[in-house]
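A short worksheet on the structure shown next.
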Amino acid sequence: MTTSDALPDELLRTSARLSRWATRAADLGMPSAQARVLVLVDEIGPARVTALADADESSQPSMTTAVQRLEGLGLVARTPDPADARATLVTLTAAGAERIAGIRRSRGAALAPVVERAAVDETRLRDAVAVLGELLEATRPASDPS
């Protein structure tokens with residue numbers, strides 16, 4: 001299957017704009033930058049601050065500050081890195097997982113009336129979600145079990 005050169009760009013721009021809109025419209029209960037880092041920790045799993053900064057395309061000092069704030073809120077914790085006793089890994093706490101669930105509910109609640117207003121057929125919407133899931137799955141290396 002071939003796609004037009006513009007289609008992948010359109011897909012990325014449209015999905016990113018929708019996600020940003022949902023974040024702005026939702027009551028996250030925290031600054032969106034903190035929410036983004038919290039969700040990143042959830043997506044990546046236990047990681048060093050430098051790995052989080054790389055994944056976020058931010059500086060290590062900025063990520064350190066963000067992690068310290070989240071740690072102060074009890075949403076993440078630092079644990080020893082079993083591969084290197086000198087380093088620590090940032091991990092999600094139970095409170096952090098609960099906060100992420102709330103963030104996701106809030107973003108979904110913000111988008112639900114838009115979906116209703118647009119009168120998008122639920123089957124088409126489920127198909128779109130499935131296609132996006134397949135694309136995301138295709139980004140994972142063959143040996144990545146997550």
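For the reader, a short list of remarks on this structure follows.
- By the helix-only formula, in which each DSSP H run with n ≥ 4 contributes -39500 (n - 2.57) and the sum is divided by residues, the chain has a 222 nm mean residue ellipticity of -22000 deg cm²/dmol.
- Three-way shape call for the stretch 39-95 based on the alpha-carbon gyration tensor, with the a/c threshold at 1.5: rounded
- 0 to 90° range, to nearest 10: angle between helix 94-118 axis and the chain longest Cα axis: 20
- Asp27 exposes around 120 Å² of accessible area when a 1.4 Å probe is run over every protein chain in place.
- Cα gyration tensor shape of the stretch 1-112, rounded if a/c is under 1.5, else prolate or oblate by comparing a/b with b/c: oblate
- Over the chain, relative contact order from alpha-carbon pairs under 8 Å, at least 6 apart, %: 24
- Contact order, relative form, for the stretch 42-93: 40 percent (alpha carbon pairs under 8 Å, 6 or more residues apart, mean separation divided by residue count).
The values are calculated or read from the model by the stated rules, or taken from the named source; none is laboratory data. The model shown is predicted, which means the values in this text are computed figures rather than measured ones. The area values use the complete protein model at the heavy-atom level, side chains included, leaving out ligands, DNA and RNA. Shrake-Rupley method; radii C 1.70, N 1.55, O 1.52, S 1.80 Å.
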